[in-house]
Structure formats: structure tokens, C-alpha cells
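Trainee: I'd like to ask you about the structure that follows.
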Amino acid sequence: MTTPQPGIFVEGSRFGQFMEYTIKAGVALSEIRADLDRIVHSGPRSVNLVATFGYNLWRLLNPEAIPEGFRSFETLKDDNGEVVIPSTQGDIMLWVHSDEHDDLVDAVIRINELMGQIATLQTDVSTFVYRDSRDLTGFVDGSANPKGDDRLPVALIPDGEAGASGSFVLSQKWNHNLQEFNKLNVPEQEGVIGRTKSDSIELEGDEMPPTSHVSRTDFKENGKAYKLYRRSMPFADGHQKGLYFVAFSCELERYDVLLNRMVGHWQDGLKDRLMEFTKAEKSSFWFAPSMDDLSAALQR
């Protein structure tokens, strides 16, 4: 049995950094492998690292371990042809997280020094745990996440398949319009989200709007639950406030289904009301290979 990257499942880190890169033109695969190997196999134990790859790079690094259905993210448009979820697909996304902010900063500096030789940094988002794991809207994030061993079949490609113990990853940077969201009273906010604000209890019956975020993303069809393992973290600076959404799945299809339900590309034509108060700035699909497939890719 292959081993997943352990940083995927380490929970509770107070600080995180998400860095997306595009490989520079003319850089040799040998250089990419050498620098990534230095990054992956070194660093303080207090910092967790998850290395993920876009399709175009991974097919060059380890073509034998391409999971079925893997591809780059494709832009989603509304019925008027306007972009609602853009594709900003890169080549590498590195996620580091830790309880020790100083160690995290040291790791980020070192990673960017090495990556700067082979790639251009396209996205750099510093994240944190807000209060008791809440989004900046004030609602608990990831309440329905699987727990314990139940996380593994949701997040990991099964044994016997190409890319086994790896994971399909969706990353998105969502910028919130908190000023507009906070104009709503609490019951209205709860209708947008689909959960109570104070104790994160899912609304039931007629209290649950079909356009709530929970209604659009907590989906089951023909007995199959489209579950994800979410590891999102909020961010905030003087210009933007929002959520860096990241999730892990055993199937890429789950993302396609849930995103299409959010933007109204489903049989019922309903849209996620949360998208009235937040905007997707960046979206990419990645593959987080198992430690075995990652080592094979970097040591060729």
C-alpha cells in the first residue's frame, strides 16, 4: 500500500501559506526535480508540507502515475457568457502549515528561494485559523468534514488505480464582500449558508432554502454522496478578505458536480446564494501524489 502525503491530514495548524507557481520557460526537468526534492525532503518537523501539481507538469514528471480523469481547471461561465469562476491553472501549488508562525515564515522564505530558480510565484496567500475555525463571515467552516479514518476514502484514490493514495485537489481564492453580507440579519445570513451561525447546526425542512450553500454543495445522487475533505483557511489584509478554499477528493468528478450546482448549471437551474457575497478570483485543479509516486517523480 502506498503512503499519502501526511500533511494532508494533519489538522489544527494555526497558520498556513498557499503558494502557486508557473514553471519558467526553458527550465530542464532535472532542475525542477532537484529543487523540489530539496524542498520536499527537508525543513523543520514543525512545518507540514503538501506538494501538488498541475496536469501539464505532472504528466512530464511521472507519466505512469496520472490518475484517471485528471486535467486542468476549465473556466465556468453563466448563461450570459460571463465568467463566474475563472481558471488560473498553474504548475505547482505548495501548501505549508504549522502552529509555529516563525518556523512557517522560515520555511516559506527557503521554499521561495529554491522555487525562484525554476518558477514564477503567481499566488501567495497567508492564512490563519479564525476564532473556533470560522470563516470571516462568522460561520464555522468545514462542519460536515469527515472525521478520523472516514477521511481516507473521501480524499484518496483507491488502491489498484493509477495514482493510488494520491488525491485530486481543488484550490480557489474567494474574495468576500463582508460589508454586504453583514447588512443581512442573522436569520438571513443563516439562510444563505444553510446552518445556524452560533452553533453550526444544519437547517432542516422548510427552513433550509434550496439556494443555500449547504443545499448546493451537500449533494447525494443515486446513493452516492459527493463528499470532499476540506482544508480551507481564511485570509485578510488591507485590500482583500476571504477564504483560500482547498479540498481533497478521490474523484475529480465531485468538484465538477458541486461547482456546476453552485453556478446554476444543474437540472434545477438554481444558484448558490453565497456567490452573491463572494467572488472566485483563482481556481486550479492539482494532483497531490502519494509519497511513493512523489519520490519516483523527483528521483528519476
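Trainee: Given (1) surrounded by fewer than 14 Cβ atoms within 10 Å (Cβ to Cβ); (2) touching a strand residue (DSSP E or B) at 6+ places or on another chain (Cβ under 8 Å); (3) on the phi > 0 side of the Ramachandran plot, where does residue 142 come up short, assuming only one miss?
Mentor: Unmet condition: (1).
Trainee: Within the set of pairs 6 or more residues apart or between chains, which connect a residue that is at pLDDT below 95 inside the stretch 1-12 to a residue that is in a loop (DSSP other than H, G, I, E, B) and crowded, with 17+ Cβ neighbours inside 10 Å with Cβ atoms less than 6 Å apart?
Mentor: Close Cβ pairs (under 6 Å, with a partner that is in a loop (DSSP other than H, G, I, E, B) and crowded, with 17+ Cβ neighbours inside 10 Å) amount to 2/164; 2/165; 2/290.
Trainee: Quick check on the stretch 71-78. Is at least one of its residues part of a loop (DSSP other than H, G, I, E, B), of a type in the set (D, E, K, R), under 30 Å from residue 266 (Cα atoms) and more than 19 Å from the chain's Cα centre (by Cα)? Give the steps one after another, and end with the answer.
Mentor: At the first step, the residues of the stretch 71-78 found to be part of a loop (DSSP other than H, G, I, E, B) are 71-75, 78.
Restricting the remaining residues to those that are of a type in the set (D, E, K, R) gives 71, 74, 78.
Going one step further and asking which of them are under 30 Å from residue 266 (Cα atoms), we end up with 71, 74, 78.
When the remaining residues are screened for being more than 19 Å from the chain's Cα centre (by Cα), the result is 78.
Scanning the stretch 71-78, I find at least one residue that is part of a loop (DSSP other than H, G, I, E, B), of a type in the set (D, E, K, R), under 30 Å from residue 266 (Cα atoms) and more than 19 Å from the chain's Cα centre (by Cα), so the answer is yes.
Trainee: Restricted to the stretch 279-293, and to residues that are of a type in the set (A, V, I, L, M, F, W, C) and in a strand (DSSP E or B), which residue is surrounded by the fewest Cβ atoms within 10 Å (Cβ to Cβ)?
Mentor: 280
Trainee: How many residues does the stretch 42-53 contain that are assigned to a loop (DSSP other than H, G, I, E, B) and touching a residue at least 60 places away in the same chain (Cβ under 8 Å)?
Mentor: Residues meeting the conditions: 2.
Trainee: Here's a follow-up. Regarding residue 214, is this residue β-branched (Val, Ile, Thr) and under 24 Å from residue 7 (Cβ atoms)?
Mentor: When the stated conditions are applied, residue 214 does not pass them.
Trainee: Return yes or no: is residue 102 modelled with pLDDT of 95 or more and either surrounded by 15 or more Cβ atoms within 10 Å (Cβ to Cβ) or of a type in the set (Val, Ile, Thr) (or both)? I'd like the intermediate steps shown before the answer.
Mentor: Numbers: modelled with pLDDT of 95 or more: yes; either surrounded by 15 or more Cβ atoms within 10 Å (Cβ to Cβ) or of a type in the set (Val, Ile, Thr) (or both): no.
Spelling it out, it is not the case that residue 102 is modelled with pLDDT of 95 or more and either surrounded by 15 or more Cβ atoms within 10 Å (Cβ to Cβ) or of a type in the set (Val, Ile, Thr) (or both).
Trainee: Also: Can you find a residue in the stretch 174-185 that is part of a helix (DSSP H, G or I), in contact (Cβ under 8 Å) with a residue 60 or more places away in the chain, touching a strand residue (DSSP E or B) at 6+ places or on another chain (Cβ under 9 Å) and under 28 Å from residue 88 (Cα atoms)?
Mentor: Restricting attention to the stretch 174-185, the residues satisfying the condition of being part of a helix (DSSP H, G or I) are 178-181.
Adding the requirement that they be in contact (Cβ under 8 Å) with a residue 60 or more places away in the chain leaves 178, 180-181.
Those still in the list that are touching a strand residue (DSSP E or B) at 6+ places or on another chain (Cβ under 9 Å) too: 178, 181.
Right, trim to under 28 Å from residue 88 (Cα atoms) and you get 178, 181.
For the stretch 174-185, residues part of a helix (DSSP H, G or I), in contact (Cβ under 8 Å) with a residue 60 or more places away in the chain, touching a strand residue (DSSP E or B) at 6+ places or on another chain (Cβ under 9 Å) and under 28 Å from residue 88 (Cα atoms): present.
Trainee: Being basic (Lys, Arg) and under 23 Å from residue 72 (Cβ atoms) is the filter here; which residues of the stretch 247-295 pass it?
Mentor: 254, 261, 279, 282
Trainee: Next question, about the same structure. Of the residues 270, 274, 243, 184, which is within 14 Å of residue 137 (Cβ to Cβ) and surrounded by fewer than 18 Cβ atoms within 10 Å (Cβ to Cβ)?
Mentor: Unique residue meeting the criteria: 184.
Trainee: When the residues of the stretch 1-50 are narrowed to those that are among the acidic types (Asp, Glu) and over 16 Å from residue 94 (Cβ atoms), which ends up farthest from the chain's Cα centre (by Cα)?
Mentor: Ranking the candidates gives 31 first.
Trainee: Just for the stretch 63-95: of the residues that are of a type in the set (S, T, N, Q) and surrounded by fewer than 20 Cβ atoms within 10 Å (Cβ to Cβ), which one is modelled with the lowest pLDDT?
Mentor: 80
Trainee: Checking residue 143 against (1) in a strand (DSSP E or B); (2) free of Cβ contacts under 8 Å to residues at least 60 places away in the same chain, only one condition comes out false. Which one?
Mentor: With respect to (1) in a strand (DSSP E or B); (2) free of Cβ contacts under 8 Å to residues at least 60 places away in the same chain, residue 143 is out only on (1).
Trainee: Another question, then. Can you tell me which residues in the stretch 192-240 are in a helix (DSSP H, G or I) and either under 24 Å from the mean Cα position of the chain (by Cα) or surrounded by 19 or more Cβ atoms within 10 Å (Cβ to Cβ) (or both)?
Mentor: Hits for the stretch 192-240 are 192, 193, 213, 214, 215, 216, 217.
Trainee: Pairs needed: first member in the stretch 76-97, closer than 15 Å to residue 174 by Cα and β-branched (Val, Ile, Thr); second member anywhere, at pLDDT 95 or above and assigned to a loop (DSSP other than H, G, I, E, B); C-beta distance under 6 Å; at least 6 residues apart or different chains.
Mentor: 83/75
Trainee: Within the stretch 11-33, track down each residue that is surrounded by fewer than 20 Cβ atoms within 10 Å (Cβ to Cβ), assigned to a helix (DSSP H, G or I) and of a type outside the set (D, E, K, R).
Mentor: Listed by number, the residues that qualify are 29, 30.
Trainee: For residues in the stretch 246-258 being touching a strand residue (DSSP E or B) at 6+ places or on another chain (Cβ under 6 Å) and within 20 Å of residue 141 (Cβ to Cβ), which is surrounded by the fewest Cβ atoms within 10 Å (Cβ to Cβ)?
Mentor: Filtering the stretch 246-258 for residues that are touching a strand residue (DSSP E or B) at 6+ places or on another chain (Cβ under 6 Å) and within 20 Å of residue 141 (Cβ to Cβ), the one surrounded by the fewest Cβ atoms within 10 Å (Cβ to Cβ) comes out as 255.
Trainee: From the list 150, 132, 124, which one is loosely packed, with under 14 Cβ neighbours inside 10 Å, within 27 Å of residue 98 (Cα to Cα) and within 18 Å of the chain's Cα centre (by Cα)?
Mentor: Matching residue, one of 150, 132, 124: 124.
The values are calculated or read from the model by the stated rules, or taken from the named source; none is laboratory data. Since the model is a prediction, treat every value here as computed from it, not as a measurement. Please note: Cβ atoms are built from the backbone with ideal geometry, for glycine as well, and neighbour counts cover all protein chains shown.
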